[in-house]
Amino acid sequence: MTVSNRWLPPLVTLKDYRGNWDKYIEVVYRCFKSDFIRHSPVFNGKPVCLKKYPIERGKEATFWHVVSEGMQEHNRVPDLRRCERIRWPAALIAEADSPLVKCWANARRGDKRIVIALNDFSYVVVLAVRDPYYLLWTAYCVEQEHSRRKMENEYKREGPFQKS
């Protein structure tokens, strides 16, 4: 984590729970629940909601999407880096109009999206545009330098998100 990202909440690590995965995933879920269910964030004056179904192991679909990776929903696997950063999506959404992050609109497969990224593009939160709300779509670390450059170029091309 770079000096400029010290404002982010601390990581929630598996090591803090002595490698006990069951206990750890419950703590990660409690963090998610606090940030997105009990206290729904607001972006651009509209609530950020979740995709609830399908509920799997008692947890909403968006939760599993934020803490796992994979192309096919039914074959996604937990990603410790995503789990560790479970407090970051709400923090980035809260800072979306500050110089701490980059925020822009794009479209994927005809779906309008908002991307909120750390200034170095190493972590992003994606919101799907719905009316009258936003849907937390996913959040993840951007591992590859070429992927970060691609996002930076998209940000430069699209320009900062303009509030409505």
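Values quoted throughout were computed directly from the atomic coordinates according to the rules given, and no laboratory measurement underlies them. Bear in mind the structure is a predicted one, so any value in this text is a computation, not a measurement. Neighbour counts are summed over all protein chains in view; Cβ atoms, including those assigned to glycine, are modelled from backbone coordinates with ideal geometry.
Quick one: helix 21-33 against the long Cα principal axis of the chain, what's the angle to the nearest 10°, folded into 0 to 90? Between the helix axis and the principal axis of the chain, the angle is about 40 degrees. Using θ = phi - 60° in the Karplus curve 6.51 cos²θ - 1.76 cosθ + 1.60, the 3J(HN,Hα) couplings for region 43-60 round to 10, 6, x, 10, x, 9, 9, 10, 8, 7, 9, x, 7, 10, 6, x, 10, 5 Hz; x is entered for Gly and Pro. Starting from the 7 Å offset along Cα-to-Cβ, what nm value, one decimal, do you get for the label separation of LYS112 and ASN20? Inter-label distance under the simple model: 4.7 nm. Converting phi to 3J(HN,Hα) with the Karplus coefficients 6.51, -1.76 and 1.60 and the offset θ = phi - 60°, region 6-11 yields 5, 6, 6, x, x, 5 Hz in sequence order, with x at every glycine or proline. For region 1-123, the relative contact order works out to 23 percent when only alpha carbon pairs closer than 8 Å and six or more residues apart are counted.
Measuring against 18 Å, Cα to Cα, the residue pairs LYS33/LYS163; LYS52/LYS112; LYS23/LYS59; LYS33/LYS59; LYS51/LYS102; LYS52/LYS102 contain LYS33/LYS163; LYS52/LYS112; LYS51/LYS102; LYS52/LYS102 as the ones spanning a longer distance. Between region 150-164 and region 54-108, what's the alpha-carbon centroid distance in Å? Cα centres, region 150-164 to region 54-108: 20 Å.
The distance between label points at ARG81 and TYR133 comes to 3.0 nm (points 7 Å beyond Cα on the Cα→Cβ vector).
Around the amide H of SER68, modelled in the peptide plane, lie the amide H atoms of ASP79, all under 5 Å away and 5 or more residues distant in sequence or on another chain.
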